[in-house]
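Notes for the one structure printed next.
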DNA sequence: TCTGGGGTCCTAGGACCC
DNA sequence: TCTGGGGTCCTAGGACCC
């Protein structure tokens, strides 16, 4: 058996933690630049406001229903998430953090436990220690856990937990769930199944294996078997990432290359810190640049380049140099740019670094980065930086409605003192 | 006027090999 | 005029997730 612990309306619940007066009131949290709705309270869901709609399209509803609006505050959400994960970790040595608000744990060896009691205990512990509401779904496969969790969320009388531990419960749950709500089934798959007249998740499990594999690939077949109760997706320690990205839409249109270079340098610095934190090096970086696709009346441009180097590095200096080469190559005069970003790729562990004969990177970068990270960790982000990052506010964003950094202000305070 | 960010996995096809 | 068979590895792009 596995358990899936999933925070209810995560970002909204984080905001409510420090604004208890907003419980039972309609609340939304927005994406960067206050663009789209990325989290909704139950009250907002009930109004029919969909995930991902742009704020400007629902301005009238915000006013009419007195919806409380927050800009995203990822520092806060990340910190709350970490605390929740620490509690979950205590229930099983076998854990996979799936996203900022979800984690699976493996329950091998829990045969003699009352699983529903265990689920309640996890839920109550997180509520008691942190004040965040979660639902817990238990089942023999991860995909069925997702189903169980959905049921736990949907029916309040279950008190936030549900266990699928019999064939009857499995079939009942799958007949209840619409196929488009199955984890891993999206519009592409639905389209390919159109003529099969499949309505429920249960209908999906009746498909022929051969047909499923042929049209929905191994992914679809695994999904089907998972729903049938065969464990196909193992717990996977996702602690080491395979790529690290930093991309941003700009608060304003940018036309100058110098401005783009500065922004790209900051994105790269940000990503390289994450890279060093997980003790990886990379040997390629993708850089992209694009205009605003919503402004169809303006000339459009999108381009990307992948720069690969014959050695692996995590040096901000080297990576920023490559990123700037990339943006210089991509830049075109006469366009108004709205978005840019970088992705670090092809990781190797730092400790068994391959020695390269013609490495162009000075060996001094390694201790230098260590010192830089240590200073920035203790005194505050960006206290020491690479010259090309400039000295402007680092990630300029429209954030009209941001809450306080309630839990992570420590470094800011020290910075003020300095 | 205003439209997010960060990931994973799979596959087809190209470029090689003998 | 006729032109084989069987592999591996890599990569870009697609599809999916939260």
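Values in this text are rule-based calculations from the coordinates and carry no lab data. All of these numbers come straight from a predicted model, not from anything done at the bench. Reconstructed Cβ throughout: ideal geometry from the backbone, glycine too, with neighbour counts over all protein chains shown.
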Taking the convex hull of Cα positions in the range A:171-217, its mean projected area over all directions (nm²): 3.0
In degrees, nearest 10, the alpha-carbon axis of helix A:257-277 is tilted away from the dominant principal axis of the alpha carbons of chain A by 60
Scattering profile of the range A:1-158 from the Debye formula, Cα beads only, expressed as log10 I(q)/I(0) at q = 0.11, 0.12, 0.13, 0.15 Å⁻¹, is -0.46, -0.55, -0.63, -0.82
Taking the Cα atoms only, what angle lies between the long axis of helix A:167-176 and the longest principal axis of chain A, rounded to 10 degrees? 70
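To one decimal place, what Kirkwood hydrodynamic radius in Å is obtained for the range A:252-294 from all pairs of distinct Cα atoms? Each step should come with its number before you reach the end.
On the way: mean 1/r = 0.0815 Å⁻¹.
Computed over the range A:252-294, the radius equals 12.3 Å.
How would you classify the range A:303-410 from its alpha-carbon gyration tensor, with a ≥ b ≥ c the square roots of the eigenvalues: rounded for a/c under 1.5, else prolate if a/b is greater than b/c, otherwise oblate?
Values: a/c = 2.20, a/b = 1.18, b/c = 1.87.
Verdict is oblate for the range A:303-410.
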Tell me, what is the percent relative contact order of chain A, built from C-alpha pairs under 8 Å that lie six or more residues apart? 16
What is the Cα coordinate range of the range A:122-191 on the first, second and third principal axes, sorted by size from largest, in whole angstrom? 44, 27, 21
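Return the equivalent ellipsoid semi-axes of the range A:253-358 as a descending list in whole Å, where each equals the square root of 5 times an eigenvalue of the C-alpha gyration tensor. Could you put the intermediate results ahead of the total?
Numbers: eigenvalues 175, 30, 24 Å².
In descending order the semi-axes read 30, 12, 11 Å.
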Proxy reagent accessibility, fewest Cβ within 10 Å first, across A:51, A:369: A:51, A:369
How many times 2.2 N^0.38 Å is the alpha carbon radius of gyration of the range A:23-64? 1.04
Mean 1/r over distinct Cα pairs of chain A, inverted to a Kirkwood Rh in Å, yields 24.3
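Per DSSP H run of n ≥ 4, the term is -39500 (n - 2.57); total these for chain A, divide by its residue number, and report the mean residue ellipticity at 222 nm rounded to 500 deg cm²/dmol. Walk me through the intermediate numbers first.
Details: 14 runs with 165 residues, N = 418.
After summing the helix terms and dividing by the residues of chain A, the value is -12000 deg cm²/dmol.
Sorting check: for A:147-154, A:15-22, which peptide has the highest mean count of neighbouring beta carbons within 10 Å, and how do the rest follow? Mind dumping the intermediate values first?
Working: A:147-154: 22.1, A:15-22: 15.6.
In descending order of packing, they fall as A:147-154, A:15-22.
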In Å, descending, principal axis extents of the Cα set of the range A:81-200: 49, 30, 28
Take A:221, A:298 and order them by how many other Cβ atoms sit within 10 Å, fewest up front. A:298, A:221
Rg followed by Dmax, in Å, when the range A:13-105 is reduced to its Cα trace: 15.1, 49
Measuring from centroid to centroid over Cα atoms, what is the spacing of the range A:200-218 and the range A:69-148 in Å? 30
In degrees, nearest 10, the alpha-carbon axis of helix A:365-379 is tilted away from the dominant principal axis of the alpha carbons of chain A by 70
Proxy reagent accessibility, fewest Cβ within 10 Å first, across A:267, A:162: A:267, A:162
